[in-house]
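We did not get these values from a lab; they are worked out from the coordinates using the rules stated. Since this is a predicted model, take the numbers as computed values, not measurements. Backbone-built Cβ (ideal geometry, glycine too); neighbour counts: all protein chains shown.
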Amino acid sequence: MFQWRNIFKGMAMGVSDLIPGVSGGTIALLLGIYQQFIASINGIFSKRWKQSLLFLIPIGIGIVLALLLVSRLVEWLIEAYPQPTFIFFLGLIIGIIPTLLKEIDYKKSFTPVHYILLLLGAVLVASTAFVKDDNMAAVINHLSQSDYILLFFAGWLASSAMILPGISGSFVLLLLGVYPTVINAVSNLNFAVILTVGAGVLIGVLITSKLITILLAKFKAGTYAVMIGFIVGSIVIIYPGLPGNAMLIIVSIIAFIIGVISAYLLSGIDVKK
């Protein structure tokens, strides 16, 4: 059945994918739809393609709406109020970790190997902070054929990251130097760039979702351990440092608290139902 509320869940995923360091996969986990989301992507080319599409269409509508309607706002928030914006998402991400540990029942399912996998996942993602370039690349206005090829493969890599909790597709675009170009294209409806990146995103999502499905089926505890590690490591990436004045510090603290409370409330929605 087509569920209208999934449009709002898709919008939440879309907004998160606009923030460098925040993963749409993390938000899907938070909303309790991650495994169904991955299974539905794989189900498109199976006998249950109808059910899969009915689940994915409202999610897709929500993501597209977020990209079209919120991209300018996100650009402005990151530029004008970076600390409160990132600290809100920091609270959101920290708030999801207890839920994931509870979901996998880590006290019973985790062995020392799983804790090592969690640590390795955290270190892997956190280490990308050392290659982060604080100076944004310029928007590419005159695109050559090689630029379009770069954008296609950037979309491929970014989409693989998007559906992995803790790894940000936007951050991958940032590392590849195309984030400003892509976000500018979305804001100004540059369809040549949007379609090029979109084609890469589609292929990346299909391949990565298949891999995740296999891993969850065969190594669920280990997969969760790595994903939780990715999320823990992303805290290092997202943390923007303390603001420069007292008012922004207060706003950032409030934003963090709202993020944690939002994570708690959102993660409990499906359980209550």
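If the chain between GLU75 and ARG5 were fully stretched, how many nm would it gain, using 0.36 nm times the residue separation less the Cα-Cα distance?
22.6 nm
If I model a spin label at SER127 and VAL236 as a point 7 Å from the Cα along the Cα→Cβ vector, what separation in nanometres do I get?
0.9 nm
Relative to the present Cα-Cα distance, how much length would full extension add between ILE261 and ARG48 at 0.36 nm per residue of separation?
73.0 nm
Out of ILE249, ILE258, ILE93, any idea which swings most in a Gaussian network model of the chain, alpha carbons joined below 10 Å?
Sorting by GNM fluctuation, first place goes to ILE249.
By per-residue mean of other Cβ atoms within 10 Å, what is the highest-first order of 40-48, 230-238?
230-238, 40-48
Picking from LEU143, LEU176, LEU215, which is most flexible by a Gaussian network model of the chain using Cα springs under 10 Å?
Highest fluctuation of the listed residues: LEU143.
Exceeding 21 Å between C-alpha atoms, which entries from my cross-link table qualify? They are LYS108/LYS218; LYS9/LYS47; LYS9/LYS107; LYS108/LYS210; LYS47/LYS220; LYS9/LYS220.
Beyond 21 Å: LYS9/LYS47; LYS9/LYS107; LYS108/LYS210; LYS47/LYS220; LYS9/LYS220.
If you project the alpha carbons of the stretch 1-128 onto their three principal axes, what span does each projection cover, largest first, in Å?
Over the stretch 1-128, Cα extents along the principal axes are 47, 41, 22 Å.
State which helices in the chain qualify, where a helix is a whole DSSP H run, it must extend 24 Å or more along its own axis by its Cα atoms, and its mean Kyte-Doolittle hydropathy must be at least -0.5.
49-80, 82-104, 145-162, 191-218, 220-238, 246-267
Remind me, relative contact order of the chain in percent, using alpha carbon pairs under 8 angstrom and six or more residues apart?
Normalised by residue count, the contact order of the chain is 33 percent.
Would you mind giving the average projected area, over all directions, of the Cα convex hull of the stretch 118-262 in nm² with one decimal?
The orientation-averaged projected area of the Cα hull of the stretch 118-262 comes to 10.8 nm².
Sticking with the crude label model, points 7 Å out along Cα→Cβ, report the distance from ASN190 to LYS108 in nm, one decimal please.
5.3 nm
Mean shadow of the stretch 26-88, computed from the convex hull of its alpha carbons, in nm²?
Hull-based average projected area comes out at 5.1 nm².
Distance in nm between label sites at LEU215 and ASP147, each 7 Å beyond Cα in the beta-carbon direction?
3.4 nm
Of the residues ALA154, ALA217, ALA122, which exhibits the maximal mean-square fluctuation in a Gaussian network model of the chain defined by a 10 Å Cα contact cut-off?
For the chain, modelled as a Gaussian network with Cα springs under 10 Å, the answer is ALA217.
Which Cα, out of GLY32, ILE207, TRP49, lies furthest along the positive dipole direction of the chain (beta carbon charges, K/R +1, D/E -1)?
Working it through, the farthest residue towards the positive pole turns out to be TRP49.
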